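The values are calculated or read from the model by the stated rules, or taken from the named source; none is laboratory data. Bear in mind the structure is a predicted one, so any value in this text is a computation, not a measurement. Every residue, glycine as well, gets a Cβ built from its backbone with ideal geometry; the counts of neighbours run over all protein chains shown. Protein only, heavy atoms only, side chains kept; ligands, DNA and RNA dropped before computing areas. Shrake-Rupley method; radii C 1.70, N 1.55, O 1.52, S 1.80 Å.
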Amino acid sequence: LPFLQGTTYDVKYNGRLVHFNTKDVTIFATGAFTDVAEAKGSKRHRTNTIGFTANIEQKKEEDIKYEKLEIEDFVKHGNMPIEIMGRFSVIAQLDGHTKESLRKILVESNVSPLLGEQNKLSNLGITLDYEDEYLDAVVEEAFKLKTGARSLKSIVEKSVKEARWEVLENLDIYNR
């Protein structure tokens, strides 16, 4: 808590002791809080009305779930204690990744886990090619997990693990 409220720490930097005050530091806390949004969407924002004044154009369930999350929602669902949440004056919700955005990260990003695997194997003289069906399967799995782009790395690593071991074993045989 003192870190969030502003306090001075002694920090070693380049071999010397520096006084670091957190009073003027902007701190962001992020996460994928799907449980909070789903619980709130399923209870507080879903209204069923009937009759002549009923709003027939209902919002999609996804839109309802992520509207107007408050500090109390995070505390109520056990994500953060009130002592910490009370220190954050602004809560902003970001839209989750779509399948298209996950695919774009996988194919176009310079920090793509797929690019990382290609580079590792390229250093061994091996070219890693993939089909569109592979990309679709990785994106689909990542989308189901609802953990954003961070799930792409574990899915890609698991999917190429056996091939990587096979390459390494064969390289070991040829290098003897």
State which residue is modelled with the highest pLDDT when the search covers only the range 108-136 and only residues that are surrounded by 14 or more Cβ atoms within 10 Å (Cβ to Cβ) and among the aliphatic types (A, V, I, L, M). L135
Quickly run through the range 4-22 and pick out the residues that are open to solvent by less than 100 Å² (accessible area, probe 1.4 Å) and free of Cβ contacts under 8 Å to residues at least 24 places away in the same chain. G6, T7, T8, Y9, D10, V11, G15, V18, F20, N21, T22
Considering (1) outside any loop (DSSP other than H, G, I, E, B); (2) at pLDDT 80 or above; (3) surrounded by 10 or more Cβ atoms within 10 Å (Cβ to Cβ), say which one V25 fails and leave the rest. (1)
Going by what's in this entry, would R150 be described as in contact with an Asp or Glu (Cβ under 9 Å, 6 or more places away or on another chain) and of a type in the set (D, E, K, R)? no
If we scan the range 121-129, do we find a residue that is without any contact (Cβ under 8 Å) to a residue 40 or more places away in the chain, in contact with a helix residue (DSSP H, G or I) (Cβ under 9 Å, 6 or more places away or on another chain) and closer than 18 Å to S154 by Cβ? yes
Looking at (1) part of a loop (DSSP other than H, G, I, E, B); (2) open to solvent by less than 100 Å² (accessible area, probe 1.4 Å); (3) farther than 30 Å from Q93 by Cα, which is the only condition S159 fails? (1)
State all residues of the range 71-88 that are modelled with pLDDT of 75 or more and surrounded by fewer than 12 Cβ atoms within 10 Å (Cβ to Cβ); if no residue qualifies, say none. E72, P81, E83
Here are the criteria: (1) surrounded by 11 or more Cβ atoms within 10 Å (Cβ to Cβ); (2) at pLDDT 80 or above; (3) in a helix (DSSP H, G or I). Tell me which single one K144 does not satisfy. (1)
